[in-house]
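Remarks on the structure that follows.
The values are calculated or read from the model by the stated rules, or taken from the named source; none is laboratory data. As the structure is a prediction and not an experimental result, all values here were calculated from the model. Cβ placement follows ideal geometry from the backbone for every residue including glycine, while neighbour counts extend to all protein chains displayed. When the accessible area is computed, the model is the full protein with side chains, heavy atoms only, and any ligands, DNA or RNA have been set aside. Shrake-Rupley method; radii C 1.70, N 1.55, O 1.52, S 1.80 Å.
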Amino acid sequence: MPISPRVLVTGGAGFIGSSVVRHLLEDPQVEVLNFDALTYAANLQSLQSCEANPRYRFQRGNICNPEALREVFSSFRPSHVLHLAAESHVDRSLHGPQAFIETNVMGTGILLQEARDYFQNLPTAEQESFRFLHVSTDEVFGSLGAEGFFQPDTPYDPSSPYSASKAASDHLVRAWGRSFGLPVLVSNCSNNYGPCQFPEKLIPLMITNAFEGKKLPVYGKGENIRDWLYVEDHARALWTIARHGQVGKTYLIGGEEEHTNLDVVQTICSILDAIAPHPDISNRCDLIEFVTDRPGHDFRYAIDSSATREELGWKPAESFETGLKKTIRWYLDNPDWLESVRSGAYRQWMEENYAWR
Ligand code: NAD
Ligand code: DAU
């Protein structure tokens, strides 16, 4: 491990990436380069607290552009790559899968090839400490029934174009490790929530809609189950894995907080009713509307992260109860952040693609 880690974060202007960047900069030894294409999902306001930090720099760029990546590798000379850049929303992948194949599959392949060229030309001491952590999802494993947990060796069985593209990228990463000796690690994490999440995902969508007294669209009967993890706990896990994980290994990360979607939405409603009563709606649960189910909707995700917890000593700091309260408070306190992501382009996409709601 070099004295001062130099961390290239791809997708650092997104939800989890910005939390990772903020977490890394808490260590005064760490320098960070955030490489992000600034798609609709990015928001540089999430990184306002980092802008003046001399150990932080931002480079706008696309992981599908090998020249831009080459320039970043040669000028920044990272000791670690944390690869988060991706198209991340399942519903969008149902409406337009191509972007998911381009960024998640092609982009990851291009990044791996550039990382490999860079790695092969490093001096031996720097090669020994170099790590490439690919940040992936539990959705690659497909759907669970009422029982059981995903394990590191659970066979891949992705359901959506999003999860299929992430599965493909996981395979590419492992292949670059086995075939070319790139020191790779893979993490597969459950559903994240917390500050700075784009309000197309369940929790921020429900918080913002409920606050404003809008309908709360729950897919199917709301019985699907997700395992929720507070984003800062994920960020901490990722940096722990990148520094202390074993090369070539897969680490599962989860919150051990399984909840049905209906429970999640009802809890958000009751917290908001208590801390920010609506002038005209006494019970925000009345806003819940059961809508057409998501095609190929995975029933349940649940992660067994005990191996990660035991090997690396990581565990979540937040329970779902504490994390959700913090998250709701953050959205109430940051209307400017919300307004900035509700751009014209975002609204237009929602109108075009969610008309069926
Ligand atoms: P996000 O959509 O909030 O952010 C993605 C970021 O990647 C954005 O800043 C975007 O501008 C950038 N990006 C997209 N395409 C790019 C490209 N071609 N080149 C460079 N940058 C590009 O996503 P997120 O929720 O923060 O997820 C980050 C990563 O974590 C993804 O790889 C996702 O698959 C994985 N993950 C997410 C969750 C979750 O619950 N959100 C859970 C497990 C794993
Ligand atoms: O499991 C990890 C994955 O979690 C990540 O890899 C993805 O990037 C992330 O988007 C998330 O995927 P999900 O599809 O589980 O998250 P989403 O917030 O879209 O939906 C959560 C659940 O809520 C899911 O069962 C669908 C349901 N849902 C979602 C929305 C947006 C609704 O019922 N209504 C909605 O409006």
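Below is a table of values for the structure above.
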| quantity | calculated |
| --- | --- |
| Cross-chain or 6+ apart pairs with Cβ under 6 Å, the stretch 1-22 first and modelled with pLDDT of 95 or more, then crowded, with 24+ Cβ neighbours inside 10 Å and acidic (Asp, Glu) | 11/36; 12/36; 13/36 |
| Qualifying residue in the stretch 167-176 (condition: aromatic (Phe, Trp, Tyr), farther than 27 Å from residue 320 by Cα and open to solvent by 10 Å² or more (accessible area, probe 1.4 Å)) | yes |
| Looking only at the stretch 1-54, and only at residues there that are loosely packed, with under 15 Cβ neighbours inside 10 Å and hydrophobic (A, V, I, L, M, F, W, C), the one that is nearest to the chain's Cα centre (by Cα) | 38 |
| Close pairs (6 angstrom Cβ cut-off, 6 or more residues apart or separate chains): of a type outside the set (S, T, N, Q) in the stretch 245-266, surrounded by fewer than 19 Cβ atoms within 10 Å (Cβ to Cβ) and modelled with pLDDT under 95 anywhere | 252/152 |
| Where residue 140 falls short, out of the listed (1) within 15 Å of ligand 2 (Cβ to nearest atom); (2) farther than 20 Å from residue 298 by Cβ; (3) free of Cβ contacts under 8 Å to residues at least 60 places away in the same chain; (4) not hydroxyl-bearing (Ser, Thr, Tyr) | (2) |
| Count of the stretch 58-106 residues which are away from ligand 2 (no atom under 13 Å from the Cβ), among the β-branched types (Val, Ile, Thr) and out of contact with any Gly (no Cβ under 8 Å at 6 or more places or on another chain) | 3 |
| Test: residue in the stretch 115-134 that is closer than 21 Å to residue 15 by Cα and out of contact with any Asp or Glu (no Cβ under 7 Å at 6 or more places or on another chain) | yes |
| Residue list for the stretch 336-349, filter: modelled with pLDDT of 60 or more and either open to solvent by 80 Å² or more (accessible area, probe 1.4 Å) or in contact with a Ser or Thr (Cβ under 6 Å, 6 or more places away or on another chain) (or both) | 336, 339, 348 |
| Options 42, 85, 52: the member that is within 22 Å of residue 232 (Cβ to Cβ), out of contact with any Ser or Thr (no Cβ under 7 Å at 6 or more places or on another chain), in contact (Cβ under 8 Å) with a residue 24 or more places away in the chain and not hydroxyl-bearing (Ser, Thr, Tyr) | 42 |
| Residues of the stretch 235-278 that turn out to be within 15 Å of ligand 1 (Cβ to nearest atom), open to solvent by less than 40 Å² (accessible area, probe 1.4 Å) and under 23 Å from residue 130 (Cβ atoms), as a count | 9 |
| Selected residue (only one of 326, 315 is open to solvent by 40 Å² or more (accessible area, probe 1.4 Å), in a helix (DSSP H, G or I), at pLDDT 95 or above and of a type outside the set (Ser, Thr, Tyr)) | 326 |
| Residue check for residue 307: more than 21 Å from residue 263 (Cβ to Cβ), aliphatic (A, V, I, L, M), surrounded by fewer than 14 Cβ atoms within 10 Å (Cβ to Cβ) and modelled with pLDDT of 95 or more | no |
| The stretch 2-46, residues that are on the phi > 0 side of the Ramachandran plot and away from ligand 2 (no atom under 16 Å from the Cβ) | 38 |
| Residue in the stretch 284-296 that is in contact with a strand residue (DSSP E or B) (Cβ under 7 Å, 6 or more places away or on another chain), exposed (fewer than 15 other Cβ atoms within 10 Å of the Cβ), touching a residue at least 40 places away in the same chain (Cβ under 8 Å) and in a loop (DSSP other than H, G, I, E, B) present | yes |
